Amino acid sequence: MPSEKSRYLNRGPSSPLDRKQLKAYLKHFSHDRLVDIVWLHSESNNILWQALSSSIAIQEAHGDWGKIKQAINYAFYFTDHIPYSDHEYGIIIDQLINALDFLSQNLGEQFALQVAHYMYEEGKKVLECFDDDWDWICALETLELWIKNSSKIKIDEEI
């Protein structure tokens, strides 16, 4: 006899694809179609909006430190405590790392490192906002690795 819990599991039809298959098939979508999908979802997904708008603002700041700090502060501003069930905030840091790559290529590694250090310190300050900070800590560790790798490149160039 099925348990009470089993009545609520696997309700409805199964997905026709798994996540790996979806990723593989997204390559066949046109660039414009993917842009439209991301843009539409950023309207209703505040985390995605924070991640993308902050990353773009950093790239479009053209090295203006005040505008870059403003974008980082916006990215790391959370009005509410983030419950245990919300674990997608790491995308914010991931997108800011993309902005760091852009800065490094266009404005120099030293400037990008300065920005990365500020990002890292600000990112650590908001850890208290999370009930479960695992996703955020993993993203911070990726940022820390970016800093270490960029610092290593700088040291290797001096030798």
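Values quoted throughout were computed directly from the atomic coordinates according to the rules given, and no laboratory measurement underlies them. Quantities reported herein were computed from a predicted structural model and do not represent experimental measurements. Cβ sites come from the backbone with ideal geometry, for glycine too, and all protein chains shown count toward neighbours.
Computed from Cα atoms, the angle from the helix 65-75 axis to the main principal axis of the chain rounds to 20 degrees.
Assign unit charges at the C-beta atoms only (+1 for Lys and Arg, -1 for Asp and Glu), then state the dipole size of the stretch 46-158 relative to its Cα centre in Debye, rounded to the nearest 20. About 400 debye.
What is the stretch 31-101 by shape, rounded, prolate or oblate, if you read a ≥ b ≥ c off the alpha carbon gyration tensor as root eigenvalues and call it rounded for a/c under 1.5, prolate for a/b larger than b/c, and oblate otherwise?
On the way: a/c = 2.03, a/b = 1.12, b/c = 1.82.
Oblate shape, in that a/c is at least 1.5 and b/c is the bigger or equal ratio.
Take every pair of alpha-carbon atoms less than 8 Å apart whose residues are at least six positions apart; their mean separation over the length of the chain yields a relative contact order of 21 percent. Applying a DSSP loop filter and a limit of 10 other Cβ atoms within 10 Å to the trypsin sites (Lys or Arg not before Pro) in the stretch 20-82 leaves 27. Here the sum of -39500 (n - 2.57) over DSSP H runs of 4 or more residues, divided by the residues of the chain, equals -22500 deg cm²/dmol at 222 nm, to the nearest 500.
When each of 82, 56 is scored by the number of other beta-carbon atoms lying within 10 Å, the sequence from fewest to most is 56, 82. Going through (i) 71, 40, 34; (ii) 63, 29, 24; (iii) 47, 38, 31, the figure that equals Cα extents along the principal axes in Å as computed for the structure here is (i).
Listed by chain and number, the aspartates and glutamates whose alpha-carbon sits under 19 Å from that of residue 152, ignoring those within fewer than 8 places in the same chain, are 101, 109, 141, 144.
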